[in-house]
Amino acid sequence: MEYKPLYAHIRDELVRHLVDGSWAPGMLIPSEMELARRMKVSQGTVRKALDTMTADNLLVRKQGKGTFVAEPEDSRILFQFFRLVPDDGPSVFPQSTVIDSETGAASAEEASALELTAGDPVRRILRIRRLAERCVLSETLCLPAGRFCDFPAHDQIPNNIYQLFSTRWGITIAQAEERLKAIPAGEEDARLLSCPVGTPLLRIHRIARDLEGKAVELRVSHCLTESIHYAVNLR
């Protein structure tokens with residue numbers, strides 16, 4: 001059995017408050033001293049657990065106010081999962097237009113990514129995204145339909161879809177795995193992105209997971225990179 005330090009066990013217990021909804025987005029959580037008293041551990045152990053949750057953007061510390069549950073619209077959360085940056089100028093969160101939203105049977109690839117059985121119902125969303133009024137991404141999102149009941153009509157899906165996951169279904173995206181690859185634009189890419197067939201694109205394959213590590217979204221994005229680039233800080 002793999003050894004796990006005490007602060008990591010405390011972190012897991014605290015994350016359960018996010019999973020079960022007892023700590024809601026924007027909520028002020030108890031102080032380190034109060035949590036230590038309740039959990040019968042040292043304040044330093046609690047602090048270390050909270051530090052890891054803050055580093056993972058699950059919590060936000062506000063000077064002189066306390067520690068709060070992070071909200072999906074917080075800029076730190078927005079850019080945690082959006083890594084495309086203009087070559088010139090500051091980072092900007094893109095605006096989205098949903099082209100289509102429908103339910104269908106999961107393909108073998110979708111089922112494998114979402115830990116489903118091939119043929120299980122999934123929700124697919126096709127949308128384009130703009131930076132500085134220029135369409136730079138087309139992407140398809142695939143979600144397990146069983147976890148996203150009563151999905152809104154495509155013209156009511158908001159720009160920040162992870163905020164929708166949080167507020168409507170209590171699902172917090174905590175981590176994502178991405179694979180990047182250069183590809184040529186196909187006919188659908190050319191139509192959606194208004195570029196010639198064969199234009200070099202960046203393909204981003206993402207599997208997003210919730211607080212319990214369960215896969216809840218498969219996203220495939222095709223990106224024009226003439227004026228933007230993918231940026232990540234390695235530490």
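The values are calculated or read from the model by the stated rules, or taken from the named source; none is laboratory data. Keep in mind it's a predicted model, so treat the numbers as computed, not measured. Heads up, the Cβs are rebuilt from the backbone with ideal geometry, glycines too, and the neighbour counts pull from every protein chain shown. Accessible surface is based on the protein model in full, side chains and every heavy atom, while ligands, DNA and RNA are left aside. Shrake-Rupley method; radii C 1.70, N 1.55, O 1.52, S 1.80 Å.
For beta carbons closer than 9 Å, sequence separation of 6+ or different chains, a first residue in segment 133-154 that is free of Cβ contacts under 8 Å to residues at least 40 places away in the same chain and farther than 23 Å from ILE204 by Cα and a second that is among the small types (Gly, Ala, Ser) and outside any loop (DSSP other than H, G, I, E, B), the qualifying pairs are PRO152/SER101.
Does segment 26-36 contain at least one residue that is open to solvent by less than 40 Å² (accessible area, probe 1.4 Å), within 21 Å of the chain's Cα centre (by Cα) and not polar (S, T, N, Q)? Within segment 26-36 (the criterion being open to solvent by less than 40 Å² (accessible area, probe 1.4 Å), within 21 Å of the chain's Cα centre (by Cα) and not polar (S, T, N, Q)), the answer is yes, since at least one residue qualifies. Checked against (1) assigned to a loop (DSSP other than H, G, I, E, B); (2) open to solvent by 20 Å² or more (accessible area, probe 1.4 Å); (3) in contact (Cβ under 8 Å) with a residue 40 or more places away in the chain, ILE171 passes all but a single condition, namely (2).
Of the strands (runs of 3 or more DSSP E) entirely within segment 1-118, those holding at least 2 residues that are free of Cβ contacts under 8 Å to residues at least 40 places away in the same chain, more than 29 Å from ARG129 (Cβ to Cβ) and among the charged types (D, E, K, R) occupy 59-62. Screening the candidates ILE207, ILE183 for the property of being touching an Asp or Glu at 6+ places or on another chain (Cβ under 6 Å), outside any loop (DSSP other than H, G, I, E, B) and either open to solvent by less than 90 Å² (accessible area, probe 1.4 Å) or touching a residue at least 60 places away in the same chain (Cβ under 8 Å) (or both) yields one hit, ILE207. Any residue in segment 147-163 that is under 20 Å from ALA70 (Cβ atoms), in contact with a Lys or Arg (Cβ under 7 Å, 6 or more places away or on another chain), in a loop (DSSP other than H, G, I, E, B) and open to solvent by less than 70 Å² (accessible area, probe 1.4 Å)? No, because not a single residue in segment 147-163 is under 20 Å from ALA70 (Cβ atoms), in contact with a Lys or Arg (Cβ under 7 Å, 6 or more places away or on another chain), in a loop (DSSP other than H, G, I, E, B) and open to solvent by less than 70 Å² (accessible area, probe 1.4 Å).
Can you tell me which residue in segment 5-25 is most open to solvent (accessible area, probe 1.4 Å), limited to those that are more than 13 Å from MET39 (Cα to Cα) and β-branched (Val, Ile, Thr)? Going through the qualifying residues, I end up with VAL19.
Exactly one residue out of PRO196, PRO200 is farther than 18 Å from GLY21 by Cα, touching a residue at least 12 places away in the same chain (Cβ under 8 Å) and open to solvent by 20 Å² or more (accessible area, probe 1.4 Å): that is PRO200.
Residues that are of a type in the set (Ser, Thr, Tyr), part of a strand (DSSP E or B) and open to solvent by 40 Å² or more (accessible area, probe 1.4 Å) within segment 220-235 comprise just one, TYR230. Restricting attention to segment 119-138, which residues are part of a strand (DSSP E or B), surrounded by fewer than 19 Cβ atoms within 10 Å (Cβ to Cβ) and out of contact with any helix residue (DSSP H, G or I) (no Cβ under 7 Å at 6 or more places or on another chain)? The answer is ARG124, LEU126, ARG130, ARG134.
Within the set GLU217, GLU178, GLU188, the sole residue that is open to solvent by 10 Å² or more (accessible area, probe 1.4 Å), charged (D, E, K, R) and touching a Lys or Arg at 6+ places or on another chain (Cβ under 8 Å) turns out to be GLU178. Checking PRO86, PRO144, PRO94 one by one, the residue that is under 17 Å from the mean Cα position of the chain (by Cα) and either of a type in the set (Asp, Glu) or under 22 Å from ILE183 (Cβ atoms) (or both) is PRO94 and no other. Return yes when PHE93 is modelled with pLDDT under 85 and open to solvent by less than 30 Å² (accessible area, probe 1.4 Å) and no when it is not. It is false that PHE93 is modelled with pLDDT under 85 and open to solvent by less than 30 Å² (accessible area, probe 1.4 Å).
Could you please find all residues in segment 35-53 being over 24 Å from ALA174 (Cβ atoms) and of a type in the set (D, E, K, R)? Scanning segment 35-53 gives ARG37, LYS40.
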